[in-house]
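S.K.: Submitted below is the structure of interest, expressed as structure tokens.
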Amino acid sequence: MVNDNMSDKKSLIIYYSRRGQNYVNGEIVDLEVGNTEVIVDYIREITGADVFEVETVDDYPTDYMKTTEVAQKELEDNYRPPIKNGLDSIDDYEVIYIACPNWWGTLPMAMFTQLENLDFNDKIVKVVITHEGSGLGDSMKDIQKLCSGADIKEGLAIQGGEVNYSKSKVERWINST
Ligand SMILES: Cc1cc2nc3c(=O)[nH]c(=O)nc-3n(C[C@H](O)[C@H](O)[C@H](O)COP(=O)(O)O)c2cc1C
């Protein structure tokens, strides 16, 4: 058990997660709590980190397949979806957890909107990605660009269907990175 906020290391979790219709273990399901949100709760419980949720101004379609189409177009266009009340500064924090789903092999473009607006110099960055088979994909490559100047630790990939059984895995990763 670590508690970064009880030492001088203050931590922040920046995350995106899309509740509702999703694809888990080969079938369409309706998630009341997004897969990434489950992981964010573990990190918060284990570290006491503050939490910031990235929320898009425009909702994605309810339909999973339609969302994948919108997201694919956003990636192809290198689009930056507008976000609500974006975070302006992470100056108060030393460790930044970045948590989101794998969308088409990388982070959802809304994470690009948020992360490229922040100064990551001298921060410690820990990335966790939930996915449905592609693992971290190209996320870490993109994180290198988005978080330039940071000490980027080894990323953790968790399959969506496993999130409810992954607290100890998350804790081991937190303690070993
Ligand atoms: C738009 C979209 C694109 C996705 N693309 C991938 C992908 O390329 N590879 C993969 O393994 N999973 C992909 N998935 C599945 C999600 O990564 C997975 O279900 C994740 O756990 C969802 O997290 P969330 O509930 O926090 O949003 C995609 C899901 C969506 C909605």
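The values are calculated or read from the model by the stated rules, or taken from the named source; none is laboratory data. From a predicted model like this one, the values you see are computed outputs, not experimental measurements. All Cβ positions, even for glycine, are placed from backbone atoms using ideal geometry, and neighbour counts span all protein chains on display.
S.K.: Would you check if there is a residue in the stretch 80-98 being near the ligand (Cβ under 10 Å from one of its atoms), modelled with pLDDT of 95 or more and either of a type outside the set (F, W, Y) or under 22 Å from R19 (Cβ atoms) (or both)?
M.R.: Within the stretch 80-98, not a single residue is near the ligand (Cβ under 10 Å from one of its atoms), modelled with pLDDT of 95 or more and either of a type outside the set (F, W, Y) or under 22 Å from R19 (Cβ atoms) (or both).
S.K.: Another one. Filter the stretch 10-21 down to the residues that are among the small types (G, A, S) and outside any loop (DSSP other than H, G, I, E, B), then identify the one that is nearest to the ligand (Cβ to nearest atom). Talk me through it step by step, then tell me what you get.
M.R.: The initial filter retains those residues of the stretch 10-21 that are among the small types (G, A, S), namely 11, 17, 20.
Going one step further and asking which of them are outside any loop (DSSP other than H, G, I, E, B), we end up with 11, 20.
Details: S11: 20, G20: 8 Å.
Ranking the candidates gives G20 first.
S.K.: Among the residues of the stretch 106-138, how many are in a loop (DSSP other than H, G, I, E, B) and either within 11 Å of the ligand (Cβ to nearest atom) or within 13 Å of P82 (Cβ to Cβ) (or both)?
M.R.: Within the stretch 106-138, residues that are in a loop (DSSP other than H, G, I, E, B) and either within 11 Å of the ligand (Cβ to nearest atom) or within 13 Å of P82 (Cβ to Cβ) (or both) number 10.
S.K.: Collect the residues in the stretch 146-162 that are under 18 Å from I14 (Cβ atoms) and part of a helix (DSSP H, G or I), keeping them in residue-number order.
M.R.: The one that is under 18 Å from I14 (Cβ atoms) and part of a helix (DSSP H, G or I): L146.
S.K.: So, in the stretch 40-58, how many residues would count as being more than 18 Å from G155 (Cβ to Cβ) and of a type in the set (G, A, S)? Steps first, answer last, please.
M.R.: We begin by selecting, within the stretch 40-58, every residue more than 18 Å from G155 (Cβ to Cβ); these are 41, 44-45, 48, 50-53, 55-58.
Checking which are of a type in the set (G, A, S) leaves us with 48.
Count: 1.
S.K.: Only one residue in E76, E132 is over 14 Å from the mean Cα position of the chain (by Cα) and surrounded by 15 or more Cβ atoms within 10 Å (Cβ to Cβ). Which one?
M.R.: That would be E132, the only listed residue that is over 14 Å from the mean Cα position of the chain (by Cα) and surrounded by 15 or more Cβ atoms within 10 Å (Cβ to Cβ).
S.K.: Taking the stretch 22-64, which residues are more than 8 Å from the ligand (Cβ to nearest atom), assigned to a strand (DSSP E or B) and within 18 Å of the chain's Cα centre (by Cα)?
M.R.: D50, V51, F52, E53, T56
S.K.: Let me ask something additional. Just to be sure, is L107 under 20 Å from D41 (Cα atoms) and surrounded by fewer than 16 Cβ atoms within 10 Å (Cβ to Cβ)?
M.R.: The answer is no for L107.
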